Amino acid sequence: LTGELLKSRQRSKELQRIATTDELTGLANRERFSEAIQERVALAKEEGGEVFAVMLMDLDRFKEINDTLGHHYGDVLLRDLGPRLVSSVGPGGLVARLGGDEFGILLEPDVTALPAVEQEVSRLTAVVGEPFSVDELSLEVGASIGIARYPQDGEDSHALLRCADIAMYAAKEAQAD
């Protein structure tokens, strides 16, 4: 019975990992990202309204890579980007691939002041902008990043994600001009 119980627990952990992890990059997925925001909101409400920041990031020029070189190149770029983002954000933050070339970033709890958040945006933009080497080709992409802060921009995960999404598309349009 002990062996069966152990196998059952291992299977349960594996199913949980599959349900909350992006298969391509190994990063958290959309579901895990939303859960993490909800957890952070609940914690902030318990502790008297701690501020925190949520970012949404969309890659610029990624579609051109997929369209001209093929999805293999895009997939390798996305897999290589994951560790760069995780390293930049730090151990207290969370990086998730939300789908396609869109990522969610929940900053460390102590990165809350607007200047610190803006500094993090600059750091992430620089990290993304470093060339990627795929099959001896050097590929470059950029990033458009939108920020939402709790509680100023929303008091639940849906409102924060909506606000960050609007900000991200505004950043994308500003870069296109």
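The values are calculated or read from the model by the stated rules, or taken from the named source; none is laboratory data. All values derive from a computational prediction rather than experimental measurement. Every residue, glycine among them, receives a Cβ derived from its backbone with ideal geometry; neighbour counts consider all protein chains shown. Just so you know, the surface numbers come from the protein's heavy atoms only, side chains and all, with ligands and any DNA or RNA stripped out. Shrake-Rupley method; radii C 1.70, N 1.55, O 1.52, S 1.80 Å.
Scan the stretch 135-157 for residues that are crowded, with 17+ Cβ neighbours inside 10 Å, under 18 Å from the mean Cα position of the chain (by Cα) and within 13 Å of LEU77 (Cα to Cα) and the total you get is 1. Here LYS7 qualifies as loosely packed, with under 13 Cβ neighbours inside 10 Å and of a type outside the set (Ser, Thr, Tyr). Scanning the stretch 48-100 for residues that are in a strand (DSSP E or B) and exposed (fewer than 13 other Cβ atoms within 10 Å of the Cβ) yields a total of 1. For PHE52, the stated conditions do not hold, so it cannot be described as modelled with pLDDT of 95 or more and among the hydrophobic types (A, V, I, L, M, F, W, C).
Applying the condition of being surrounded by fewer than 18 Cβ atoms within 10 Å (Cβ to Cβ) and touching a residue at least 12 places away in the same chain (Cβ under 8 Å) to the stretch 16-39 and asking which residue is farthest from PRO83 (Cα to Cα) yields GLN38. So for the stretch 3-11 (the condition being out of contact with any Ser or Thr (no Cβ under 7 Å at 6 or more places or on another chain), farther than 24 Å from VAL141 by Cα and hydrophobic (A, V, I, L, M, F, W, C)), does at least one residue qualify? For the stretch 3-11, residues out of contact with any Ser or Thr (no Cβ under 7 Å at 6 or more places or on another chain), farther than 24 Å from VAL141 by Cα and hydrophobic (A, V, I, L, M, F, W, C): present.
Being open to solvent by 70 Å² or more (accessible area, probe 1.4 Å), in a loop (DSSP other than H, G, I, E, B), at negative phi and touching a residue at least 40 places away in the same chain (Cβ under 8 Å) is a condition met by at least one residue of the stretch 104-111. Here is the figure for the stretch 1-47: residues that are outside any helix (DSSP H, G or I) and under 22 Å from GLN152 (Cβ atoms) total 1.
Table: residues versus (1) without any contact (Cβ under 8 Å) to a residue 40 or more places away in the chain; (2) in a strand (DSSP E or B).
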| residue | (1), (2) |
| --- | --- |
| SER122 | yes, no |
| VAL127 | no, no |
| SER144 | no, yes |
| ILE147 | no, yes |
| LEU160 | no, no |
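Check the stretch 98-105 and report whether any residue there is over 13 Å from the mean Cα position of the chain (by Cα) and among the small types (Gly, Ala, Ser). No - not one qualifying residue is present in the stretch 98-105. The condition (being open to solvent by 50 Å² or more (accessible area, probe 1.4 Å), under 11 Å from ALA53 (Cβ atoms), assigned to a helix (DSSP H, G or I) and acidic (Asp, Glu)) is satisfied by just one residue among GLU118, GLU173: GLU118.
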